[in-house]
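*Asks:* Structure below; questions to follow.
The values are calculated or read from the model by the stated rules, or taken from the named source; none is laboratory data. Note that this is a predicted model, so its numbers are computed, not measured. Neighbour counts are summed over all protein chains in view; Cβ atoms, including those assigned to glycine, are modelled from backbone coordinates with ideal geometry. Calculation scope for accessible area: heavy atoms of the full protein, side chains included, ligands and nucleic acids excluded. Shrake-Rupley method; radii C 1.70, N 1.55, O 1.52, S 1.80 Å.
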Amino acid sequence: MNYSECIENARTRIGNYCKACPECNGRACKNQMPGPGAKGVGDTAIRNYDKWKEIRVQMDTIAENKPVDTSQELFGKKFKYPFFAGPVGAVGLHYGDCLDDVAYNDILVSSCAKYGIAAFTGDGVDSNVMVAATKAIKKTDGIGIPTVKPWNLDVIAGKMEMVHESKALAVAMDIDAAGLPFLKNMEPPAGSKTVEELRQIAKMAGTPFIVKGVMTVKGALKAKEAGASAIVVSNHGGRVLDQCPATAEVLEEIALAVGDSMKIFVDGGIRSGVDVFKALALGADAVIIARPFVTAVYGGAEEGVKSYIEKLGTELEDTMKMCGVTSLEEIDRDCVWTRS
């Protein structure tokens, strides 16, 4: 099965909101929520996609002809590629009820681990989601990253116990989920966290702690102060705040401010191995891709995930070769062109 076949299969299974488009660009679903769309007018997901396309790669084939190495070591583990599957929650609501979060995460985590990358898993009001996700990660010897919502500290402490049991290589918190209605209605309150609260959570984690949802230099430096091992430059795919900048527009300045003090992930509209290359050139250590992996799971389960990983990996390898680099460490700012 190739990814095009996977998309065709997904269209018969994925429900009415997602259109399983050939290229997931945010236009067909726009502001559909429930569904994979973005908040408000729905333009942030579209902008995320479009801004990567405005960046161009610099071809250079006057270089040594040797094999390309796409591998990367992160948090003590070696991966075949510098991209990860992103966390998605409430798949039955947003994408189609032939899968629930438990079944979805079980397929995604095991398939990603088998084919050389790792999956971030989601969290939700149903406590079974985190239970099943961490069990799936444990079955892969910790090759997965649970993503905990910014609940109140007592709830987070309970979630962290499951993370420890799973032996996950890292744990994330999507702090940008602070505006979700089910968090606002909790008692005691959940949502936004201070630097001191994040510091407490990082200590609870007991493993590399990733703060997901950073869109400014100021936010990145706060996460660093809190003791985070990594950040994810992310606007939650446009789903929590309308009319944000694209992640491609803010990544470079954040990467320059942070330097080598933390690992930097980025998500939002990255859809090809060429886009992965661009993100690395602008300072990311790795990227996260969410929505297309949903299509992969719905359209082909393990085989669908394998097809998408191989598609992205082949595109990345080809781009590196044509731009005169043979390792991820060689990808730098000179490898891309942006409009001044």
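*Asks:* Return the total of residues in segment 115-128 being among the aliphatic types (A, V, I, L, M) and surrounded by fewer than 23 Cβ atoms within 10 Å (Cβ to Cβ). Can you show your working first?
*Replies:* At the first step, the residues of segment 115-128 found to be among the aliphatic types (A, V, I, L, M) are 117-119, 125.
If we keep only those that are surrounded by fewer than 23 Cβ atoms within 10 Å (Cβ to Cβ) as well, we get 125.
So the answer is 1.
*Asks:* Find the residue count for segment 24-38, including only residues that are modelled with pLDDT of 90 or more and either open to solvent by 60 Å² or more (accessible area, probe 1.4 Å) or among the basic types (Lys, Arg) (or both).
*Replies:* The number of residues fulfilling the criteria is 1.
*Asks:* Could you tell me which residue of segment 254-279 is most open to solvent (accessible area, probe 1.4 Å), considering only residues that are assigned to a helix (DSSP H, G or I) and either farther than 22 Å from MET173 by Cα or hydroxyl-bearing (Ser, Thr, Tyr) (or both)? Give the steps one after another, and end with the answer.
*Replies:* Of segment 254-279, the ones assigned to a helix (DSSP H, G or I) are 254-258, 273-279.
Checking the rest, the ones that are also either farther than 22 Å from MET173 by Cα or hydroxyl-bearing (Ser, Thr, Tyr) (or both) come to 256, 273-278.
Numbers: LEU256: 136, GLY273: 0, VAL274: 48, ASP275: 1, VAL276: 0, PHE277: 0, LYS278: 12 Å².
Only one residue fits best here, namely LEU256.
*Asks:* Another question about this same structure. Would you pick out the residues in segment 164-212 that are under 27 Å from LYS139 (Cβ atoms), acidic (Asp, Glu) and in a helix (DSSP H, G or I)?
*Replies:* Hit for segment 164-212 is GLU165, nothing else.
*Asks:* Also, I was wondering about something else. For residues that are of a type in the set (D, E, K, R) and within 22 Å of VAL274 (Cβ to Cβ), tally how many sit in segment 36-51.
*Replies:* So in segment 36-51, the residues of a type in the set (D, E, K, R) come out as 39, 43, 47, 50-51.
From the residues that got through so far, the ones that are within 22 Å of VAL274 (Cβ to Cβ) too are 47, 50-51.
Going through segment 36-51 one residue at a time, the tally reaches 3.
*Asks:* On to the next question. Determine whether ILE46 is surrounded by fewer than 22 Cβ atoms within 10 Å (Cβ to Cβ), of a type in the set (Val, Ile, Thr) and touching a strand residue (DSSP E or B) at 6+ places or on another chain (Cβ under 6 Å). Please lay out each step first, then the result.
*Replies:* Working: surrounded by fewer than 22 Cβ atoms within 10 Å (Cβ to Cβ): yes; of a type in the set (Val, Ile, Thr): yes; touching a strand residue (DSSP E or B) at 6+ places or on another chain (Cβ under 6 Å): no.
Spelling it out, it is not the case that ILE46 is surrounded by fewer than 22 Cβ atoms within 10 Å (Cβ to Cβ), of a type in the set (Val, Ile, Thr) and touching a strand residue (DSSP E or B) at 6+ places or on another chain (Cβ under 6 Å).
*Asks:* Exactly one condition in (1) closer than 30 Å to VAL131 by Cβ; (2) at pLDDT below 90 is false for VAL88; which is it?
*Replies:* (2) is the only condition that VAL88 fails.
*Asks:* For the list (1) surrounded by fewer than 23 Cβ atoms within 10 Å (Cβ to Cβ); (2) within 22 Å of MET130 (Cβ to Cβ), I need the number of the one condition that GLN72 fails.
*Replies:* (2)
*Asks:* If LYS224 passes every condition in (1) assigned to a helix (DSSP H, G or I); (2) open to solvent by less than 10 Å² (accessible area, probe 1.4 Å); (3) modelled with pLDDT of 95 or more but one, which one does it miss?
*Replies:* Of the numbered conditions (1) assigned to a helix (DSSP H, G or I); (2) open to solvent by less than 10 Å² (accessible area, probe 1.4 Å); (3) modelled with pLDDT of 95 or more, the odd one out for LYS224 is (2).
*Asks:* Regarding LEU108, is this residue modelled with pLDDT of 95 or more, buried (at least 16 other Cβ atoms within 10 Å of the Cβ) and not in a loop (DSSP other than H, G, I, E, B)?
*Replies:* Working: modelled with pLDDT of 95 or more: yes; buried (at least 16 other Cβ atoms within 10 Å of the Cβ): yes; not in a loop (DSSP other than H, G, I, E, B): yes.
Yes; evaluated as a whole, the condition is true for this residue.
*Asks:* I'd like the residue in segment 280-323 that is part of a helix (DSSP H, G or I) and β-branched (Val, Ile, Thr) and, out of all such residues, is farthest from ASN105 (Cα to Cα).
*Replies:* THR319
*Asks:* Quick one: LEU241 ticks every box in (1) within 30 Å of GLU54 (Cα to Cα); (2) surrounded by fewer than 18 Cβ atoms within 10 Å (Cβ to Cβ); (3) of a type in the set (A, V, I, L, M, F, W, C); (4) modelled with pLDDT of 95 or more bar one, so which box is it?
*Replies:* Only one criterion is unmet by LEU241, namely (4).
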